[in-house]
Amino acid sequence: MEIQSYILYEDRDLIVCRKPAGVPVQTKQIQTKDMVSLLKNYRYQQEGGKEEPYLGVIHRLDQPVEGIVVFAKTPQAAKELNRQLQAGGFGKYYQAVLCKVPEKAQGQLTDYLVKDGRTNLSKICRKSDAGAKEARLSYKIQGEAEGKALANIHLDTGRHHQIRVQMSGMGCPILGDVKYGGEEKARGQIALCASSLTFVHPKTKKQMQFEIQPQVAGFDLFFASKI
């Protein structure tokens with residue numbers, strides 16, 4: 001994997017990348033390449049330094065999910081980006097192929113989710129359940145093909161497996177997401193992409209916006225000419 005080809009933007013403060021499906025943002029498994037180790041190696045070679053480069057992880061995507069991720073190159077940038085993230089200043093937009101067309105073409109979902117640390121899965125629960133966290137998103141259907149639906153999703157909160165759980169909870173699991181009731185499509189991939197990300201540059205205060213087109217299996221139903 002040539003990490004340079006996945007870099008969308010870079011300056012002295014941050015790096016914005018397109019994370020391929022199947023590659024983790026960060027992992028403790030020594031034999032598995034992740035975005036953090038790949039970017040640190042890239043920076044080390046580019047800068048010719050003798051010490052390990054700093055790289056701050058601001059947010060994450062599930063390993064089978066493709067999408068845009070931003071990393072900080074300095075502790076100061078990491079502090080400001082994390083502040084924005086916690087304050088809801090990040091605009092996180094996804095595209096997903098659903099196994100079923102929802103009854104409503106658009107809507108808002110508010111649920112409470114709880115994570116099972118033993119299975120690394122989350123489920124919808126009651127507000128009063130121990131560990132319950134509020135999860136909010138909105139969706140809009142952009143197209144239909146072969147009984148599937150292309151959905152644009154705005155993530156308002158960032159819970160564990162949130163989109164996957166909430167789409168499955170309303171009876172429309174994501175294509176390829178067999179853990180949450182979806183039909184299998186491509187091994188190790190699900191038809192979910194973090195396709196748009198907005199935030200304010202930590203130093204220049206300029207509004208930053210990045211967009212990509214999904215390339216994982218399943219999206220070819222809607223973007224056949226470009227995948």
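The values are calculated or read from the model by the stated rules, or taken from the named source; none is laboratory data. What you are looking at is a predicted structure, and each value in this text was computed from that prediction instead of being measured. Cβ sites come from the backbone with ideal geometry, for glycine too, and all protein chains shown count toward neighbours.
Here are some notes:
- Test: G49 is out of contact with any helix residue (DSSP H, G or I) (no Cβ under 7 Å at 6 or more places or on another chain) and not hydrophobic (A, V, I, L, M, F, W, C): yes
- Residue in the stretch 77-87 that is surrounded by 12 or more Cβ atoms within 10 Å (Cβ to Cβ), out of contact with any Pro (no Cβ under 9 Å at 6 or more places or on another chain) and farther than 23 Å from K185 by Cα present: yes
- Those residues of the stretch 174-194 which are on the phi > 0 side of the Ramachandran plot and either crowded, with 22+ Cβ neighbours inside 10 Å or over 18 Å from the mean Cα position of the chain (by Cα) (or both), in sequence order: G176, G181
- Elements of type strands (runs of 3 or more DSSP E) contained in the stretch 1-76, each with 2 or more residues being buried (at least 16 other Cβ atoms within 10 Å of the Cβ): 14-19, 66-72
- Restricting attention to the stretch 115-167, the residues being among the charged types (D, E, K, R) and in contact with an Asp or Glu (Cβ under 6 Å, 6 or more places away or on another chain) number 2.
- Residue in the stretch 195-211 that is at positive phi, in contact with a Leu (Cβ under 8 Å, 6 or more places away or on another chain) and either touching a residue at least 12 places away in the same chain (Cβ under 8 Å) or not in a strand (DSSP E or B) (or both) present: no
- Residues located in the stretch 77-117, provided they are in a loop (DSSP other than H, G, I, E, B) and closer than 22 Å to I7 by Cα: F90
- Entry remark, the stretch 1-19: residues being in contact with a helix residue (DSSP H, G or I) (Cβ under 7 Å, 6 or more places away or on another chain) and at pLDDT 95 or above number 6 in total.
- Under the condition of being at pLDDT below 95 and closer than 19 Å to M208 by Cα, the residues counted in the stretch 91-124 number 2.
- Taken residue by residue, the stretch 172-191 has no member that is of a type outside the set (A, V, I, L, M), out of contact with any Gly (no Cβ under 7 Å at 6 or more places or on another chain) and assigned to a strand (DSSP E or B).
- Every listed requirement among (1) of a type in the set (D, E, K, R); (2) within 20 Å of L175 (Cβ to Cβ); (3) modelled with pLDDT of 95 or more is met by E146 save one, (3).
- Among residues of the stretch 36-86, those that are small (G, A, S), under 21 Å from Q209 (Cβ atoms) and without any contact (Cβ under 8 Å) to a residue 12 or more places away in the chain, counted: 0
- For V101, the requirement of being aliphatic (A, V, I, L, M) and either within 13 Å of the chain's Cα centre (by Cα) or farther than 20 Å from S138 by Cβ (or both) is not met.
- The stretch 118-162, residues that are over 26 Å from E184 (Cβ atoms), touching a residue at least 40 places away in the same chain (Cβ under 8 Å) and either in a loop (DSSP other than H, G, I, E, B) or among the hydrophobic types (A, V, I, L, M, F, W, C) (or both): D156, G158
- Within the stretch 36-90, tally of residues that are under 20 Å from the mean Cα position of the chain (by Cα) and of a type in the set (S, T, Y): 1
- Flag for K127 being modelled with pLDDT of 95 or more, surrounded by fewer than 16 Cβ atoms within 10 Å (Cβ to Cβ), of a type outside the set (G, A, S) and in contact with a strand residue (DSSP E or B) (Cβ under 7 Å, 6 or more places away or on another chain): yes
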